[in-house]
Amino acid sequence: MSRLALFNEWIGLPPNASEHGYQIDHIIEFSHWFMGALFIGWSVFLIYVLFRFHKSRNPVADHEGVKSGISTHLEFAVVLIDAVLLIGFAIPLWAKRVNQFPEGKDAIIVHAVGQQFNWNFHLPGPDGQFGRRDVGLVSNSNPLGLDSADPAAKDDIVVLGELHVPVDRPVIIELSSKDVIHNFALPHMRIAQDAIPGLLIPMWFKPIKTGSYEVVCGQLCGLGHYSMKGMLVVDNPADYQAWLKERVELAGTQSAPPPTERPPGEPPVGPTPGSVAPPGAPKTVNPSGAPDGQAPPPAPSPAGTPH
Ligand SMILES: [Cu+2]
């Protein structure tokens with residue numbers, strides 16, 4: 001444990017906080033030692049070859065070449081070890097994350113929806129049922145388009161950026177995206193999965209240490225990608241219940257979350273007036289015939305302008 005922890009620290013991995021994480025860490029550790037051995041081995045071989053086949057020792061080219069089969073055996077051994085790592089360890093480990101989901105009521109199920117450049121979380125509330133979501137209902141005050149006419153949606157919890165989960169219970173996160181491909185990455189939990197528009201992709205882990213952990217977007221998803229961070233707070237059961245209670249009370253009375261904030265001096269999110277139109281789009285026609293920028297008041301405001 002101590003050697004592993006030291007090694008992980010040395011290569012910059014944050015401390016593991018999930019149940020399965022140590023298995024990932026072992027593979028990472030072994031792969032690095034293996035790569036280190038290969039690096040040293042090939043370096044020594046290169047230096048040997050430089051001396052062994054130097055022009056002074058071999059003034060005339062030898063068209064027969066080396067007859068020893070040792071390099072073939074060595075290369076085959078490297079391929080074999082790689083195959084064992086991949087087929088024997090990496091694939092079964094990942095299969096458990098994406099195929100063998102925990103059963104029973106013990107698991108917490110959360111929907112995480114990526115958008116440029118935030119993570120939204122949708123929890124089913126006390127009734128345990130996710131309310132209907134409709135993309136047509138999406139607005140600034142309703143980032144997920146939750147249908148308030150659906151009885152199951154009444155107690156649903158929608159939070160922006162910060163998700164709380166209880167310690168020592170499996171957490172299933174079902175991922176989707178509102179715009180482009182994002183990646184829900186939890187470095188401390190040793191898990192990451194793509195969030196793809198139109199798909200619902202589940203993943204799961206079991207946090208074993210309380211604390212606050214960073215959620216990052218692992219796919220370059222646009223100009224504000226660097227700022228697409230969230231927080232995963234692993235609570236003890238009492239704190240988690242308190243957070244849930246507070247959120248349920250807030251549900252329905254929540255005010256609009258702030259639009260994506262940008263650091264000072266940066267361009268606003270989304271298309272700005274006069275920016276590039278999508279391919280094939282008709283040219284903008286000014287119905288009033290007035291010069292650009294002098295449209296009469298009833299004309300709709302250009303896309304991207306806050307109302
Ligand atoms: Cu992203």
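Is there a residue in the range 85-93 that is within 19 Å of the chain's Cα centre (by Cα), at pLDDT below 90 and in the same structural domain as P207 (by TED's automatic domain parsing)?
no
Please list, ordered by first then second residue, the pairs with beta carbon atoms under 7 Å, 6 or more apart or interchain, first in the range 219-230 and under 17 Å from Q193 (Cβ atoms) and in the same structural domain as V180 (by TED's automatic domain parsing), second part of a loop (DSSP other than H, G, I, E, B) and more than 10 Å from the ligand (Cβ to nearest atom).
Sorted first by the residue in the range 219-230, then by its partner, the pairs are G230/G161.
Residues in the range 195-231 that are within 16 Å of P15 (Cα to Cα) and more than 16 Å from the ligand (Cβ to nearest atom): how many?
9
Can you tell me which of I109, I70, I91, I81 is away from the ligand (no atom under 16 Å from the Cβ) and in contact with a strand residue (DSSP E or B) (Cβ under 9 Å, 6 or more places away or on another chain)?
I109
Only one of these is surrounded by 11 or more Cβ atoms within 10 Å (Cβ to Cβ), over 29 Å from G145 (Cα atoms) and small (G, A, S): A90, A112. Name it.
So the residue among A90, A112 that is surrounded by 11 or more Cβ atoms within 10 Å (Cβ to Cβ), over 29 Å from G145 (Cα atoms) and small (G, A, S) is A90.
In the range 94-116, which residues are modelled with pLDDT of 85 or more and polar (S, T, N, Q)?
Within the range 94-116, Q115, Q116 qualify.
With (1) touching a helix residue (DSSP H, G or I) at 6+ places or on another chain (Cβ under 9 Å); (2) under 27 Å from T210 (Cβ atoms) as the list, and G145 as the residue in question, which single condition is left unmet?
Going through (1) touching a helix residue (DSSP H, G or I) at 6+ places or on another chain (Cβ under 9 Å); (2) under 27 Å from T210 (Cβ atoms) one by one, G145 breaks only (2).
Conditions (1) out of contact with any His (no Cβ under 9 Å at 6 or more places or on another chain); (2) without any contact (Cβ under 8 Å) to a residue 24 or more places away in the chain; (3) surrounded by fewer than 20 Cβ atoms within 10 Å (Cβ to Cβ); (4) closer than 30 Å to Q23 by Cβ, marked per residue:
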{"position": "P102", "(1), (2), (3), (4)": "yes, no, yes, yes"}
{"position": "Q129", "(1), (2), (3), (4)": "yes, yes, yes, no"}
{"position": "R133", "(1), (2), (3), (4)": "no, yes, no, no"}
{"position": "L146", "(1), (2), (3), (4)": "no, no, no, no"}
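The values are calculated or read from the model by the stated rules, or taken from the named source; none is laboratory data. The structure displayed is predicted, hence computed values, not measured ones. Neighbour counts are summed over all protein chains in view; Cβ atoms, including those assigned to glycine, are modelled from backbone coordinates with ideal geometry.
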